[in-house]
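Undergrad: Could you have a look at this structure, given as structure tokens, before my questions?
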């Protein structure tokens with residue numbers, strides 16, 4: 001499973017491609033999706049279901065990752 005890191009550190013908000021998730025949007029407090037922190041996790045290592053995002057938000061995150069990849073590939 002591909003996953004991205006979340007943080008509540010507001011300093012991460014200004015970094016390219018990062019996205020704010022509103023409070024309770026995914027069953028969490030307000031968080032910033034840190035698109036520079038993409039992880040591959042085995043499904044067997046996932047313990048607890050926390051929540052889900054709409055397809056539109058998932059696309060927004062994918063676009064943030066793509067954007068970061070483009071600007072750092074130079």
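Undergrad: Give me the percent relative contact order of the chain, please, defined on Cα pairs under 8 angstrom at least 6 residues apart.
TA: 36 percent
Undergrad: Calculate for the chain the 222 nm mean residue ellipticity that helices alone would give, adding -39,500 (n - 2.57) per DSSP H run of length 4 or more and normalising by residue count, nearest 500 deg cm²/dmol.
TA: Here the helix-only value at 222 nm equals -8000 deg cm²/dmol.
Undergrad: Let me ask another. For residue 8 and residue 30 in one chain, what is 0.36 nm times their gap in residues minus the Cα-Cα distance, to one decimal in nm?
TA: Working it through step by step, the gained length comes to 7.3 nm.
Undergrad: What angle do you read, to the nearest 10 degrees and between 0 and 90, between the alpha-carbon axis of helix 55-72 and the longest principal axis of the chain?
TA: 40 degrees
Undergrad: Separate question: Is the stretch 2-72 best put as rounded, prolate or oblate by its Cα gyration tensor, with a ≥ b ≥ c the root eigenvalues, rounded for a/c under 1.5, and otherwise prolate when a/b is larger than b/c, oblate when not?
TA: Verdict is oblate for the stretch 2-72.
Coordinate-derived values only; no laboratory data. Note that the structure is a prediction, hence the values are computed from the model and not measured.
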